[in-house]
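The values are calculated or read from the model by the stated rules, or taken from the named source; none is laboratory data. Note that the coordinates shown come from a computational prediction; the quantities given were computed from them, not determined experimentally. Here the Cβ is made from the backbone with ideal geometry for all residues, glycine too, and neighbour counts use every protein chain on show. Calculation scope for accessible area: heavy atoms of the full protein, side chains included, ligands and nucleic acids excluded. Shrake-Rupley method; radii C 1.70, N 1.55, O 1.52, S 1.80 Å.
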Amino acid sequence: MRPDTLRLVVRAYRVMAYVTGIVLVVLCFVGIPLQVFANSLGVVHYVGTAHGILYIIYVLIAFVMTRAVGIPIASPKTIIVLLAGTIPVLTFVVERWVTRTSINPALAAAGVAPREHPVLR
């Protein structure tokens with residue numbers, strides 16, 4: 001895979017991991033308590049629908065990313081990456097783990113300098 005394509009796939013994965021994770025956190029820690037304690041269905045309805053759509057996009061992009069960086073299809077790592085968008089906060093943890101163990105080595109092998117995470121420098 002060309003280095004610029006690899007970088008684009010990795011960037012798309014990171015964006016979708018964070019967006020999906022944020023929407024799931026809002027759904028679980030804001031929407032569901034509002035539904036249960038205030039009988040308000042608005043947040044759950046709209047944020048839940050948004051999460052469903054974003055999760056489908058996340059799964060597609062995450063699968064492409066796992067193929068691009070050379071993670072085997074049926075490996076536990078691929079399954080963890082694909083399911084990370086279903087558990088609140090897990091997308092953030094898995095994104096950092098996959099970046100350290102698979103993405104950075106793949107970028108280095110392609111001759112692309114891995115970029116440091118701006119928060120974790």
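Closer than 22 Å to LEU27 by Cα and at pLDDT below 95, is that true of THR86?
Values: closer than 22 Å to LEU27 by Cα: yes; at pLDDT below 95: yes.
The answer is yes for THR86.
For segment 56-72, which residues satisfy the criterion of being under 30 Å from ALA108 (Cβ atoms) and free of Cβ contacts under 8 Å to residues at least 40 places away in the same chain?
VAL59, LEU60, PHE63, THR66, ARG67, GLY70, ILE71, PRO72
Need the failing condition index for VAL89 against (1) hydrophobic (A, V, I, L, M, F, W, C); (2) open to solvent by 60 Å² or more (accessible area, probe 1.4 Å); (3) out of contact with any Gly (no Cβ under 8 Å at 6 or more places or on another chain), just the number.
Only one criterion is unmet by VAL89, namely (3).
Please return the ranges of helices (runs of 4 or more DSSP H) entirely within segment 1-79 where 1 or more residues are under 21 Å from LEU90 (Cβ atoms) and open to solvent by less than 40 Å² (accessible area, probe 1.4 Å).
By residue number, 3-26, 42-68.
Among the residues of segment 66-118, write down those that are of a type in the set (Lys, Arg) and farther than 16 Å from ALA12 by Cα.
The answer is LYS77, ARG100.
Find all pairs meeting these conditions: Cβ atoms under 7 angstrom apart; at least six residues apart or on different chains; first residue within segment 12-38 and modelled with pLDDT under 95; second residue open to solvent by 70 Å² or more (accessible area, probe 1.4 Å).
Final answer for the pair search is GLN35/LEU41.
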